[in-house]
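Colleague: Supplied in structure tokens, the structure appears directly below.
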Amino acid sequence: MAEIEGVRDLKTQKTMVRKYVVQEDLPKAAIQFDAAFDKRSFKSATGLVGWDQNGDLLVLKTVIHKKVSSAFAAEAYACLESMKLGIAL
């Protein structure tokens with residue numbers, strides 16, 4: 001009987017789950033970008049705008065790329081420049 005009571009005690013133990021939410025106070029920014037591509041000269045222009053969480057303008061940036069092969073590559077350059085800008089902020 002004592003063994004059965006011990007088994008009941010093991011089965012009735014409750015498990016406790018604890019969750020912790022860590023909220024970091026990192027500044028948040030939104031970066032919007034677009035690209036234009038000239039297929040005759042194989043150049044592209046990238047425009048970037050950075051906003052903070054309050055909607056205030058943080059940064060404006062324009063980059064000209066040479067020897068760009070396609071419109072897809074121009075968009076890839078624009079995305080790369082936005083990542084670089086985000087890291088720099």
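Colleague: Residues of the stretch 60-89 being of a type in the set (Val, Ile, Thr), farther than 12 Å from residue 29 by Cα and either out of contact with any helix residue (DSSP H, G or I) (no Cβ under 7 Å at 6 or more places or on another chain) or modelled with pLDDT under 90 (or both), which ones?
Modeller: 62, 64
Colleague: Tally time: how many residues in the stretch 50-89 are part of a strand (DSSP E or B), surrounded by fewer than 17 Cβ atoms within 10 Å (Cβ to Cβ) and not aromatic (Phe, Trp, Tyr)?
Modeller: Residues that pass the stated criteria total 9.
Colleague: Right, next: Taking into account only those residues within the stretch 38-59 that are hydroxyl-bearing (Ser, Thr, Tyr) and touching a helix residue (DSSP H, G or I) at 6+ places or on another chain (Cβ under 7 Å), which is farthest from residue 27 (Cα to Cα)?
Modeller: 44
Colleague: Quickly run through the stretch 24-49 and pick out the residues that are in a strand (DSSP E or B) and of a type in the set (Phe, Trp, Tyr).
Modeller: Across the stretch 24-49, the qualifying residues are 33, 37.
Colleague: OK, next. Residue 29 - would you say it is small (Gly, Ala, Ser), out of contact with any Asp or Glu (no Cβ under 6 Å at 6 or more places or on another chain) and in contact (Cβ under 8 Å) with a residue 12 or more places away in the chain?
Modeller: Considered against the rule, which asks whether it is small (Gly, Ala, Ser), out of contact with any Asp or Glu (no Cβ under 6 Å at 6 or more places or on another chain) and in contact (Cβ under 8 Å) with a residue 12 or more places away in the chain, residue 29 comes out as no.
The values are calculated or read from the model by the stated rules, or taken from the named source; none is laboratory data. These figures come from a predicted structure and were not determined experimentally. Reconstructed Cβ throughout: ideal geometry from the backbone, glycine too, with neighbour counts over all protein chains shown.
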